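The values are calculated or read from the model by the stated rules, or taken from the named source; none is laboratory data. Because the structure is predicted, anything quoted here is derived from the model rather than measured. Here Cβ is always computed from backbone atoms with ideal geometry, including for glycine, and neighbour counts include all displayed protein chains.
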Amino acid sequence: MRTRSRGPHGVRSGSKRAMPRLTEKMIAALDLPDGKREAWVSDAEVVGLRVRATAGCKTFYAAWTDRATGERRRERLGVWGGITLDQARTATRAILGELAKGDDPKAKRAARKAAADLDRAERALTLETLVDDWAKLHLAGKRPRYAAEAVRAIKHAFPDHLTKPAVSLARAEAVNTLDALVKAGTVAIAGRTLAYGRACYAWGVKRGKLASNPFASLPIPAGVVARERVLSDAEVGRVWTAAAAMGEPWGPFLRVLLLTLGRRDEVAGMRWTELSADLATWTIPGARMKRGAAHIVALPEAARDALRAVTRVDGQDLVFSTTGKTAVSGFTKAKAALDKAAKVSGWRLHDIRRTGVSALAAMGFNPMVADKLLAHQPSTLHGAGRVYQRHDFAEERKRALEAWAAHVVRAAEAKPEADTGKVTLLTARTGRHLSHKM
C-alpha cells in the first residue's frame, strides 16, 4: 500500500518507492498503462513538479496544496517539447517561491490575463467607436440637441484621434487641445468640450471598456465661469412688456418661457397634445426632458392667456412653429430683437430660470419646491433621501408659479420712482415692499 507525506509548501511526497529524478529520456519513454487515459509522474529533484501523460501529449505542472483550504491545486507550465525539463523545474521553483511568500500564482496569472484582455480591447476601441457607442447606448435618452452637440464637439476637437485607439488620447494631448480652443477665443466651447469628453470617457470606464479617463480632474479652462446673471425686477418687467408686443410665434413663446421657467428647447417643442383641454396643465414627456422623466407644469393664468393668443392650425401639433413641421428656431435673431426692445443686455434665455427661483426664494418658497419646479434633483436631498423622497410638491409648485407670474406682471406694471430710480414691488406671499435699483 502506497503512503504519502507532505513535503515543503504542502506538496505530497514520499512512497514505498522513492520518486525518480526525471530525465528527458524517462519522459520520452513514459507510456499510458492499459485502459488508462492519463498517467502522472513526479520529480524527485523539484518536489511539486509533475508530468501528466495523455494520448500523444505530455504536460508539465506545478502542484501544491493550498494551506488555507487544504485543496489540491496545480498550475499548467507547458507541453514537453515546447519547454524542456530544466525550464519546467525553473518555473516550478519560481511558483513555490511565490507560495512561500504568500503570493497566489493563479490569481496573479488571472490578473495578468485580465489586464491583457483589457489592453487588447482598448487597442481595438477607436475614439470614434467610443463616441458613437456612448451616443447610442447612453445619450439616446438625452435631449437630441444635447446628444448631437456632445458628439459633434468631441469629434470636432479631436479629428486626428478618431481612427486611433481611444486609450491613446493622452492627458497632455487633451489639455493642449482645450488650451488651443481657449487661445482661439472659444472659451465656452473649450468648457463644453471638456465636459463632454469627461462624460464620454467616464462612461467607457464604468462599462469596462477603458481603464482611465484623460479628462478626469482637469481644471475648467480659464474664463469659463458659472453663470450668475439674475435679471432685476425692472428688467423682468421690460422683457415681459417687449415680448407681449412681439408677434407669433416669438411673443407667445417668450411669455410662456418666462412664466413657466422651463428650458428653452422644452418650451419650443411644446405640443398641443401635451396640454390639457383647459390649458391648465402641461405634461412634458420624459423623452423631451433632460433627466428623462415626465414633468407636469401647472400653468398660471397669464401663461394660458399667452397660449390662447397662438393661432392653432388644424393638423399641426406643435404650438410654436413657423413651418408647422418643426419647432421654432432662430433664437439668436429673436433674442436680439427682444434685447433691443426691452433695453436689456448681457443675459441669456436660460438666466430666466435662475431669476425666477431667486425671486421665489425671496418670497419664502422652500428651495426643494424650486428644484422640483425646474425638474432638478433637489439639492437638499442626499443618500437615502434621493431614493425614498417621492413627493412631487405639485400643489406647492402650482402656487410658486402663480406667485412668480404675479411678480412678473407687477414688475411690468410698476413705475420707476422719480427721486430714487427704484421700482417698488409687493411680494406675493409676505406683502412686504421691496425696492430694486433699475
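Could you tell me which of the residues 337, 293 is touching a residue at least 24 places away in the same chain (Cβ under 8 Å) and within 23 Å of residue 241 (Cβ to Cβ)?
Selected residue: 337, the only one of 337, 293 that is touching a residue at least 24 places away in the same chain (Cβ under 8 Å) and within 23 Å of residue 241 (Cβ to Cβ).
Give 341, 359 a once-over and let me know the one that is small (Gly, Ala, Ser), modelled with pLDDT of 90 or more, within 19 Å of residue 229 (Cα to Cα) and out of contact with any Cys (no Cβ under 7 Å at 6 or more places or on another chain).
359
Identify the single condition in (1) within 28 Å of residue 154 (Cα to Cα); (2) among the β-branched types (Val, Ile, Thr); (3) over 22 Å from the mean Cα position of the chain (by Cα) that residue 220 does not satisfy, given that it satisfies every other one.
If we test residue 220 against (1) within 28 Å of residue 154 (Cα to Cα); (2) among the β-branched types (Val, Ile, Thr); (3) over 22 Å from the mean Cα position of the chain (by Cα), just (3) comes out false.
Any idea which residue in the range 236-266 is surrounded by the most Cβ atoms within 10 Å (Cβ to Cβ), counting only those that are touching a helix residue (DSSP H, G or I) at 6+ places or on another chain (Cβ under 7 Å) and of a type in the set (Asp, Glu)?
The qualifying residue surrounded by the most Cβ atoms within 10 Å (Cβ to Cβ) is 266.
What are the pairs with Cβ atoms under 7 angstrom where one residue, in the range 296-315, is touching a residue at least 24 places away in the same chain (Cβ under 8 Å) and the other, located anywhere, is of a type in the set (D, E, K, R)? Sequence gap at least six, or different chains.
298/397; 298/398; 300/402; 306/255; 310/248; 311/248
Determine, yes or no, whether residue 196 is in contact with a helix residue (DSSP H, G or I) (Cβ under 7 Å, 6 or more places away or on another chain), crowded, with 17+ Cβ neighbours inside 10 Å and under 26 Å from residue 154 (Cα atoms).
It is true that residue 196 is in contact with a helix residue (DSSP H, G or I) (Cβ under 7 Å, 6 or more places away or on another chain), crowded, with 17+ Cβ neighbours inside 10 Å and under 26 Å from residue 154 (Cα atoms).
So how many residues does the range 47-106 have that are closer than 26 Å to residue 33 by Cα, hydrophobic (A, V, I, L, M, F, W, C) and part of a loop (DSSP other than H, G, I, E, B)?
2
Looking at this structure, is residue 21 assigned to a loop (DSSP other than H, G, I, E, B) and modelled with pLDDT under 80?
Values: assigned to a loop (DSSP other than H, G, I, E, B): yes; modelled with pLDDT under 80: no.
Here the answer is no, as residue 21 does not meet what is asked.
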